[in-house]
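Everything below concerns the one structure shown next.
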Amino acid sequence: MLTPPQQDWFPKAPPLPHPNGTTIEVSDVHQLILALKDVKPGQTILMADGHYMMPRYVQIATDNVTLRSASGHRERVVIDGARSSHGELLGISACSGVTIADLTIQNIKWNGFKINSNTNVQKLTIYNCIIHNIWQRGIKGVKVPKENRDVVRPKQCRVQYCLFYNDRPKRLSDDARDIAKGNYIAGIDVMHTKDWVISDNVFVGIQGRTYEGRGAIFIWHDSQDCVIERNIIIDCDVGLQLGNPHRDSETQYHCVRCIAKNNFITRAPEAGIVTVYTKDCKVLNNTIHDPKSRLGRLIRTVFTNDGLIIANNLLSGPRISHESKSKVTFLNNIIKDLTEAFINPDRGDLHLTDAAIEAVDKGSPLAEVKEDFDGDQRRARPDIGADELNN
């Protein structure tokens, strides 16, 4: 059984309902491989508690399949790639409506959950999973070819209530293909997404060899209308990354109409939230704590950010690094060391205390932020940051 980092205030996933339709029960690796190969649309594969040492990459390629633990305890069902002959663990290809829930994947040198987006993957849900010691990307969604992209691009996918954590920073020995001197690592890295929700997840220790890794959450290449909310990010090199300084000739904007709101981010030395080549995106009511920030980038804007709004963010640290050539709207952001205003900032708990007088009732009402990090209603005059102080 794993003993992952856990705090009593972390988001707790509501249990899934009992499976509908036919179930397939598996209790060893051989049965799991056969079930993934033979499963029919609408069926559920139930994994017994155990440690599944995978010999190779496997994938789901059937519509409306659910893969989940029978017990509902995600730390008791471990799909382990430490002995796999491949660098990727569990793929999703050419299917719609798949749910993967209540289990752990760990120990693979490249990608944990590999979304083969170029094959038309739609409505994927990854729910209440643990993603542990994955040395390139915990969840990877690949680039979609230009031909028929609007149809094929991955739409209406969800990553919710998952825990991403690594036991230590990446080493060169973890991944011989690392293109960034040990810093080619991220939690979620997805491209050409549309209408995604990434919410209520926890990321701990997603770090490169020299602490210059990619985002705990990283979306790019013409991603549209995505919502990133209520995530907890602790000791990751970059918190949220909307876009990338690199873009190909066919990409004008990396992120369009995406919203990052109500997230807690603690100690992200490269940047708390960074926006690069975005259009009509919004960064709203996030709390970022890093008073000793190495580079002073609690929020960083780079290159083009047309129509970007950065509002009601509580930035406990030195500054915003505004490097964009676009006109960006900055509204009611606090930039000041507010360590004493949080319940337990060392552990990433950035809920407000009564000492947060500079944040309480100082925000602007925003239509996109009716609730706070905990789902509590915002007041008519909301607090700045992700938490609404409710005495």
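The values are calculated or read from the model by the stated rules, or taken from the named source; none is laboratory data. Only a predicted model underlies this, so the values are computations on that prediction, with no experimental measurement involved. Don't worry about glycine lacking a Cβ; one is built from the backbone with ideal geometry, like all the others, and counts go over all protein chains shown.
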Within region 131-155, residues outside any loop (DSSP other than H, G, I, E, B) and farther than 20 Å from ARG214 by Cβ come out as ARG149, ASP150, VAL151, VAL152, LYS155
Filter region 25-43 for residues that are out of contact with any Lys or Arg (no Cβ under 9 Å at 6 or more places or on another chain) and aliphatic (A, V, I, L, M); the one that is farthest from ILE79 (Cα to Cα) is VAL39
_Scan region 112-125 and tell me whether some residue there is in contact with a Leu (Cβ under 7 Å, 6 or more places away or on another chain) and aliphatic (A, V, I, L, M)._
yes
Only one of SER316, SER293 is surrounded by fewer than 24 Cβ atoms within 10 Å (Cβ to Cβ), out of contact with any Cys (no Cβ under 9 Å at 6 or more places or on another chain) and small (Gly, Ala, Ser), namely SER293
If we take region 1-113, then strands (runs of 3 or more DSSP E) inside it with 1 or more residues that are in contact (Cβ under 8 Å) with a residue 40 or more places away in the chain, in contact with an Asp or Glu (Cβ under 9 Å, 6 or more places away or on another chain) and of a type in the set (D, E, K, R) are 66-69
Here the residues within region 185-199 that are crowded, with 24+ Cβ neighbours inside 10 Å and outside any strand (DSSP E or B) are ILE185, HIS192, THR193, TRP196
Requested in this report: Go through the residues of region 163-174 one by one and say whether even a single one is modelled with pLDDT under 95 and more than 18 Å from the chain's Cα centre (by Cα).
Outcome: no
TODO: Would you be able to say whether some residue in region 208-222 is farther than 19 Å from ASN111 by Cβ, in contact with a Ser or Thr (Cβ under 9 Å, 6 or more places away or on another chain) and part of a strand (DSSP E or B)?
DONE: no
